[in-house]
1. Please identify the GluC sites (Glu not before Pro) of region 150-242 that satisfy two criteria: DSSP loop assignment and at most 11 other Cβ atoms within 10 Å. Which are they?
2. Give the residue list of trypsin sites (Lys or Arg not before Pro) in region 253-291 that are DSSP loop and have at most 11 other beta-carbon atoms within 10 angstrom.
3. How long are the semi-axes of the ellipsoid equivalent to region 132-184, from square roots of 5 times the Cα gyration tensor eigenvalues, in whole Å, largest first?
4. Using only Cα atoms, locate the centre of region 287-327 and the centre of region 71-98, then give the distance between them in Å, rounded to an integer.
5. Can you bin region 137-253 into rounded, prolate or oblate? Criterion: square roots of the alpha carbon gyration tensor eigenvalues sorted a ≥ b ≥ c, rounded for a/c under 1.5, prolate for a/b above b/c, oblate for the rest.
6. Going by the alpha-carbon gyration tensor, a ≥ b ≥ c the square roots of its eigenvalues, is region 71-143 rounded (a/c under 1.5) or, if a/c is not under 1.5, prolate (a/b greater than b/c) versus oblate?
7. Among Thr317, Thr74, which comes first, then next, by fewest other beta-carbon atoms within 10 Å?
8. Using a ≥ b ≥ c from the Cα gyration tensor of region 3-192 (square roots of the eigenvalues), is it rounded, prolate or oblate, where a/c under 1.5 gives rounded and otherwise the larger of a/b and b/c decides, a/b for prolate?
Amino acid sequence: MSLSQYLIEEQLKLPYATGDFTALMSHLVYAAKIVSREVRKAGLLDHVLGVTSSTNIQGETVMKLDEYADTLITNAMKICGHLCVMASEEHENIIEIPTGYNIGKYTFAFDPLDGSSNIDSNVSIGTIFSIHLRKTQAGKKGTEEDLLQKGSLQRCAGYILYGSSTMMVLTMGNGVVGFTLDPSCGEFLLSNPDIKFPDSGNIYSVNEGNYNFWSDEMKSYIRHIKHLETSSGPKTLRYIGSLVADFHRNLLKGGIFLYPEDAKSEKYPNGKLRMLYEASPMAFIAEQAGGMAVNVKGEKILDLIPGSLHERTTLVTGSRKEVEEFLKFIKK
């Protein structure tokens, strides 16, 4: 089954469906195919590898492919006609949608290329996206208020992984499914019909180079899972540095991903991951797959309301038993 067929089948199950969501997703699928094509050309074309002369709102150097993906997805989505407002991790403010296309019922927030620092190293990267139903009055252009909603209210969340194959993983609130791009026919085909986090796993993913800058609770937890005398033996460290790649591996194999705050990052005292573009959509996927997602205070990510477009947070997500074990150390 192709992704387009799947979306149509799912919409037919809803008595109030209008087809708007399926049409919206077709624009995203088109953009994903083009980005995938360009990623495959890395090293062959000048506009794919290397850095630009600009920095984004986060103060980070923008990679060429990051800029390309952001422009491509923005241009594809802003003319779909089913959005009222959209935002990108790369833009300080909401993205203007042309008049006539900006009164749709959905919002769209995205990270065009998560893990973009890995582009030049030929490491897996990905696009993360989040879709909400608008809050403001229908028939008018959307506002920032429409984007700043609880993660639990997401209509859809997903990511597109550009790795050994290109894969789209998404949830519409009724489980998690995965589609793999078949280049021979240019279609995303259903490859993982019901993705579930294993209850537990032997992998932990964290940038352990920051160990000395973590809280005592975080240090205690890491020492515990590395200890030889734990019931399951020491866990294995696997850290890529691309949220999409680390999350995807743990989703299939079981494990836990941690991105705590650290004392050296005075600029990001509450953590570095963006709630709107990274933490919230990944948390929605995690919980729909039977896993969990919290911050280092133990608060559920999906219960939090971002106060701004670029609010940051810590993130601990993965197999349910692993996150529950982590929470015991926070409670101590």
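All of the numbers you see were taken from the coordinates with simple rules; none came from a lab. From a predicted model like this one, the values you see are computed outputs, not experimental measurements. Reconstructed Cβ throughout: ideal geometry from the backbone, glycine too, with neighbour counts over all protein chains shown.
1. Details: sites: Glu187, Glu208, Glu217, Glu229; in loops: Glu229.
The qualifying sites are Glu229.
2. Details: sites: Lys253, Lys264, Lys267, Lys272, Arg274; in loops: Lys264, Lys267, Lys272.
When the trypsin sites (Lys or Arg not before Pro) of region 253-291 are filtered for loop state and at most 11 Cβ neighbours within 10 Å, Lys264, Lys267 remain.
3. Values: eigenvalues 178, 33, 18 Å².
So the three semi-axes of region 132-184 are 30, 13, 10 Å.
4. 27
5. Working: a/c = 2.37, a/b = 1.46, b/c = 1.62.
The shape class here is oblate.
6. Numbers: a/c = 2.86, a/b = 2.47, b/c = 1.16.
It comes out prolate by the Cα gyration axes.
7. Numbers: Thr317 31, Thr74 21.
Arranged by neighbour count, lowest to highest, Thr317, Thr74 become Thr74, Thr317.
8. On the way: a/c = 1.99, a/b = 1.24, b/c = 1.61.
It is oblate, given that a/c is not under 1.5 and a/b is not larger than b/c.
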